[in-house]
Amino acid sequence: MVEQTPKIGVRELRLSYGQHEVLHGISFEILRNEIFGIIGPAQSGKTSLLRAINRTLEFTAGARYSGSITVDGEEVGKVRNVYELRRKIGMVAPLPVGLPLTIYDNVAFAPRMGGIRQKGSIDDIVERCLRQAALWDEVKDRLHTLGTRLSGGQQQRLTIARALSHQPEILCLDEFSIAIDPVTTMRIEEVLKELRQQMTIILVTNLVQQARRLADRTMFLFEGDIIELDRSEVIFSNSPAQQKTYDYVNGIFG
Amino acid sequence: MTPGRRHLEPLKEWLIERFIWLCGVSAIFFVFAIFIFVFREGADYFFSGFKAGEFFTSIEWYPTSRTHVRYGALALITGTFSVSFLAMFLAVPFGLGAAVFISEFCPPRLKEGLKIVIELLAAIPSVVWGFIGLTIMNSLIVRLFNAPIGLNMFNGAIILALMSVPIIVSIGEDALKAVPDSYREAAVALGCTRWQMIFRVLLPAARNGLLAAVMLGIGRAVGETMAVLMATGHSIRIPHGVLEPVRTLTATIAAELGEAPVHSDHYQVLFIIGILLFTITFVINITADFIVRGIGRK
Ligand SMILES: Nc1ncnc2c1ncn2[C@@H]1O[C@H](COP(=O)(O)OP(=O)(O)OP(=O)(O)O)[C@@H](O)[C@H]1O
Ligand SMILES: [Mg+2]
């Protein structure tokens, strides 16, 4: 094995909104260049977990956590430059948030913030990211129209392109395919398989089959606790360690 | 629901639609009615003796002279524009800055307090502001700048700025509040700082509302009468510096209308000034509208 330090380490993480505890002290590690699947029913705390990792949780008044989250061995709560941390992480939210900018500017936003000025290199980044998000062909003739005028699924792919634009080391996809048709989803999934050469991918998904197709390891989160974490072959086999996992994966839950 | 009442539904719908239509149309009607009334008061003179050339290019305003009657409004027009422009120059950055502070940086407790204070400020009657200009600002300006008179363009502009800032702040803050948090979070998740987020995402997203805030501020400045009448020194001349007294169009109407014999030339010219003011605000609003649409199209 080559991985000495995990890409992300989570230890005894308790997370709450006010009095309401959402994660009850979970611990796990995400390895470099793996696709890490997270499955679990609604309200199990998946989105909250991602927001704690890139420290956008702190924009919600009353949200707190205890325990430790490390990225590259560094405690996220104590990093000197939180902007650098966030630039390391590309985040795709479940509902697409097209910034009120043109398609081009949406994707060029982060590179420009990062100080890239030459139009040529920004053009290249925009094209590469839109291609990776399987959106280029549909928008290449209207790059300078508002991103918010795209269809829901197109906007979602635009946010994927945007998340890739600052070349993150970690890509968090939170139910990215909710609004995307199956054919396009497949195309993006192919791209994800290639991207894992360059980055670590966290794939939160309600589509159990998607985790099975893509994830190297999958974590089953239920009401704020980890029920099971193992290689995907095991989780999705006929005999995972927990009966609950089997029930959830096979849709005979509850 | 009984069948009988269901039968009435289309009628009810129709009545409601008509009623709303009437409300909308009556607003337009009133604006036109006011315009026509004001115009009619000045119309006789406008079509017979009115010299547009003199009105717009001469600074000689001698409406009550026996032998040398002149209606040159250039100094008044300059007065209105210079005071309003200076006021906006002071009020817009302050107002927008305060709006950003309140919506983005302010702790919640302080925010409530500030909003109450700002609403109170917006409710101060203009005579009170004029009084402040006449007394406090007056002596302050004389002392600070060694100016011969404290009642001048600068004084009027400060008073107008103080009057428009609360409007700009409260409407501007509403506009910023209306920007969904998801925009802020998405921008921040891309690794930009708070300032970058504010300048690149928040302000562009709220631009229409912010522009409306500024327009209302300008509207208040251009239309304000009492405070500028009291604070600007009320002397007819083209100012060469901010510390010189000026007179505005509105103040002229307020000061002279009571003394001008009804339907005299003087009286009618004052109504023509009213039309001019009407036109100025109209042009400003149309321009703002075009700006908003121009940016929004892309
Ligand atoms: N901003 C917030 N304020 C208060 N409570 C919140 C907030 N966001 C989430 N929660 C609560 O935290 C719990 C977990 O929510 P979270 O969004 O993390 O779940 P999830 O696993 O992502 O669910 P889903 O699959 O529906 O997206 C829920 O009970 C929710 O009510
Ligand atoms: Mg979620």
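The values are calculated or read from the model by the stated rules, or taken from the named source; none is laboratory data. Keep in mind the model is a prediction, meaning the values are calculated, not measured. A quick note on method: Cβ atoms are made from the backbone with ideal geometry, for glycine too, and the neighbour counts reach across all protein chains shown. Calculation scope for accessible area: heavy atoms of the full protein, side chains included, ligands and nucleic acids excluded. Shrake-Rupley method; radii C 1.70, N 1.55, O 1.52, S 1.80 Å.
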_What number does the range B:57-112 give for Rg over Rh if you use C-alpha atoms and the Kirkwood radius?_
1.45
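Calculate how many DSSP beta bridges within the protein assembly as shown are antiparallel, expressed in % of all such bridges and rounded to the nearest 5.
60
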*Let me know the shape class of the range A:36-82, please: from the alpha-carbon gyration tensor, a ≥ b ≥ c as square roots of the eigenvalues, rounded when a/c is under 1.5, otherwise prolate if a/b is greater than b/c, or oblate.*
oblate
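Go through A:LYS7/A:LYS78; A:LYS7/A:LYS140; A:LYS7/A:LYS244; A:LYS46/A:LYS244; A:LYS46/A:LYS140 and tell me which ones have a Cα-Cα distance over 23 Å in this structure.
Beyond 23 Å: A:LYS7/A:LYS140; A:LYS7/A:LYS244; A:LYS46/A:LYS140.
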*Given charges at Cβ of Lys, Arg, Asp, Glu: the protein assembly as shown dipole, positive-most of B:ILE159, A:ASN54, B:SER48*: B:SER48
*Ordered by packing density, taken as the mean number of other Cβ atoms within 10 Å over each peptide's residues, highest first, how do B:55-65, B:149-159, A:87-97 rank?*
B:149-159, A:87-97, B:55-65
_Efficiency of FRET between B:VAL283 and B:PHE101 - r from beta-carbon atoms, R0 41 angstrom, step 0.05_ = 0.80
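If you average 1/r over all unlike Cα pairs in the range A:50-189 and invert the result, what Kirkwood radius do you get in angstrom?
Averaging 1/r across every pair of different Cα atoms and inverting gives 15.9 Å.
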*If you take the charge dipole of the protein assembly as shown about its Cα centre, with +1 on Lys and Arg Cβ and -1 on Asp and Glu Cβ, which of B:ILE236, B:VAL83, B:LEU22 is farthest toward its positive end?*
B:ILE236
_Run the reach check for B:LYS111 against lysines, Cα to Cα strictly under 23 Å, same-chain hits fewer than 8 apart removed. What comes back?_
B:LYS177
*Gap in Å between the Cα centre of the range A:173-215 and the Cα centre of the range B:157-213?*
36
*Along the principal axes of its C-alpha atoms, what lengths does the protein assembly as shown span, in descending order and rounded to whole Å?*
110, 73, 50
*Keeping all protein chains in place, calculate the accessible area per residue for chain B (probe 1.4 angstrom), answer in Å².*
55
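With a length cut of 18 Å (Cα positions projected on each helix's long axis) and a Kyte-Doolittle mean of at least 0.0, go through chain A and give me the DSSP H helices that pass.
Helices meeting the span and hydropathy rule in chain A are A:182-195.
Taking each pair of distinct Cα atoms in chain A once, what is the resulting Kirkwood hydrodynamic radius in Å? Let's see the in-between values first.
Working: mean 1/r = 0.0531 Å⁻¹.
So the Kirkwood estimate lands at 18.8 Å.
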*How large, in percent, is the carbon and sulfur part of the accessible surface of the range B:74-297 at a probe radius of 1.4 Å?*
71
_Take B:GLU9 and B:ILE116, extend 7 Å from each Cα along the Cα→Cβ direction, and tell me the distance between the two endpoints in nm._
4.8
_Can you give me the % of accessible surface on the range A:6-249 that is carbon or sulfur? Probe 1.4 Å, all protein chains present, nothing else counted._
48
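Kindly compute the accessible surface that chains A and B hide from a 1.4 Å probe when together, both sides summed, and give it to the nearest 100 Å².
1900
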_Which residue, B:CYS192, B:THR225, A:ILE103, has the largest displacement toward the positive end of the dipole of the protein assembly as shown when charges sit on each Cβ (Lys, Arg +1; Asp, Glu -1)?_
B:THR225
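Can you give the accessible area per residue of the range A:154-204, in Å², using a 1.4 Å probe?
That works out to 35 Å² for each residue.
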*Using the Kyte-Doolittle scale, find the helices of chain B whose mean hydropathy is at least 1.6 and whose Cα atoms extend 30 Å or more along the helix's long axis, counting only whole DSSP H runs.*
B:74-100
_Residues A:ALA42 and B:SER26, FRET efficiency given R0 of 45 Å [Cβ-Cβ distance, rounded to 0.05]_ = 0.35
